[in-house]
1. Consider residue 61 against the criteria (1) polar (S, T, N, Q); (2) assigned to a strand (DSSP E or B); (3) at pLDDT below 85: it satisfies all of them except one. Which criterion is unmet?
2. Residues in segment 49-82 that are within 19 Å of residue 104 (Cα to Cα), of a type outside the set (A, V, I, L, M) and within 12 Å of the chain's Cα centre (by Cα): how many?
3. Which residues, counting only those in segment 74-86, are farther than 16 Å from residue 48 by Cβ and part of a strand (DSSP E or B)?
4. Could you tell me which numbered condition residue 39 fails, if it satisfies all but one of (1) farther than 27 Å from residue 103 by Cα; (2) assigned to a loop (DSSP other than H, G, I, E, B); (3) modelled with pLDDT under 80?
5. Look through segment 116-132, keep the residues that are at pLDDT below 85, under 20 Å from residue 61 (Cβ atoms) and not small (Gly, Ala, Ser), and return whichever of them is surrounded by the most Cβ atoms within 10 Å (Cβ to Cβ).
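The values are calculated or read from the model by the stated rules, or taken from the named source; none is laboratory data. Just so it is clear, the model here is predicted, and its values are computed rather than measured. Cβ placement follows ideal geometry from the backbone for every residue including glycine, while neighbour counts extend to all protein chains displayed.
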Amino acid sequence: MQKNLTFIALVVLSLLVMGCRRTSNVCEANLPIEVRQGLEIDTADSSLGPFAVQIRNELVSVDSIVHGPLCVVDWSGTVYVDCDVEVAPWEETPNFFDECDVNIEEGAKVYVGYHNDELFYNGCSCHFSDSQ
């Protein structure tokens, strides 16, 4: 009897965990966040926040939304890096920001659409080589 209850508990727990997982990527549709969420923001000037955007089922105030080429950046506050950003090609190591002018203010919060709206508190240091 004890084995059956333990097995049932494990099955129920597994189903609960699987149900909480995100099964899709926010970038699957390859649409800007403004279109995905029906926001009335001019994508040509999405640096004049704050904007209220839905991130992982929470309404988040974002200071700027980043689109397009990504090499010369100056970020502070809360930033949303959208799915349509362009970075250097991935090679042996993901040093996208080498030879770029990147300034991410200490304490900035960076949400990255391509990483399924993951939040990064320490900027993007993993995308620099050791020489930075």
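1. The number of the failed condition is (3).
2. 3
3. Within segment 74-86, 81, 86 qualify.
4. (3)
5. Filtering first and then ranking leaves 120.
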